[in-house]
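One structure below.
Here, each number is a calculation from the coordinates, and none is a lab measurement. Keep in mind that what you see is a predicted model, and the values were worked out from it rather than measured. Neighbour counts run over all protein chains shown; Cβ positions are idealised from the backbone, glycine included.
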Amino acid sequence: MTLEEIATLISSMGFPYRYSHFSEPTPNPPYIVYYYPNENDVYADDKNYVNKRQLFIELYSNKKDFETESTVETVLASAGLTWYKQTEFLNDEKIFQTTYESEVIIDG
C-alpha cells in the first residue's frame, strides 16, 4: 500500500479524520486520528528491502459504539489488514478511544 492508499482507506470509513491530530476545533465524535509511530524496515546488504510501518488508527466516540467499531473493522478487513484492538475511556476528555494497531508494507 502507499501512504495515499492508506489515507483513502481511512477516508472510506466515513468519519472525520486527520493524520496525527486535529487542530482546533476538534469535530464531534466519532472521528479518527491515524499515525505511524514506528518503522520496522527489513534490510540486508546495506539496503532497505521492505518498508514496514506500524499503523495506529484511533477511533474517538462518546460511548462504547460497537456499530462504529464494526464499520472500521469491516474496512480494515476488506483491505486485508490485521489488527490488535484496545479500548479505553479517557476520563479527562470524557471520551472513548479505541486504538487499532496494525502493520503495513509501504510501496513507494
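Dipole magnitude for the chain: about 240 debye, using +1 per Lys or Arg Cβ and -1 per Asp or Glu Cβ, origin at the Cα centre.
If contacts are Cα pairs under 8 angstrom and at least 6 residues apart, what is the relative contact order of the chain in percent? Can you show the working numbers first?
Details: 180 pairs, mean separation 29.7, N = 108.
Contact order relative to length: 28 percent.
For the pair TYR49 and ALA77, label points projected 7 Å from Cα toward Cβ lie 3.3 nm apart. For the options THR98, THR87, THR26, a Gaussian network treatment of the chain with springs between C-alpha atoms closer than 10 Å singles out THR26 as fluctuating the most. Pairs of lysines in the chain whose Cα atoms sit within less than 24 Å of one another amount to 6, provided the residues are eight or more positions apart or on different chains. Taking Cα atoms only, the orientation of helix 66-78 departs from the longest principal axis of the chain by about 20 degrees. Annotation for segment 24-108: trypsin sites (Lys or Arg not before Pro) lying in DSSP loop with at most 11 further Cβ atoms inside 10 Å of their Cβ are LYS63, LYS64, LYS94. Arranged from fewest to most other beta-carbon atoms within 10 Å of their beta carbon, SER61, SER12, SER23 become SER23, SER12, SER61.
In the calculated pair distance distribution of segment 1-92, what percentage of Cα-Cα distances lie above 16 Å? Write down the numbers at each step before the final one.
Values: 2544 of 4186 pairs.
That tail contains 61 percent of the Cα-Cα pairs.
Figure legend: label point modelled 7 angstrom from the Cα of GLU5 along Cα→Cβ; no residues of segment 27-45 have amide N under 17 Å from it. Length gained on full extension, GLU58 to LEU90: 10.3 nm, using 0.36 nm per residue less the C-alpha separation.
Count charges around GLN86 for me, please; just the other residues with Cβ under 11 Å from its Cβ, Lys/Arg as +1, Asp/Glu as -1. Kindly include the intermediate steps, with their values, before the conclusion.
Details: positive: LYS85; negative: GLU58, GLU88, GLU101.
Surrounding charge for GLN86 is -2.
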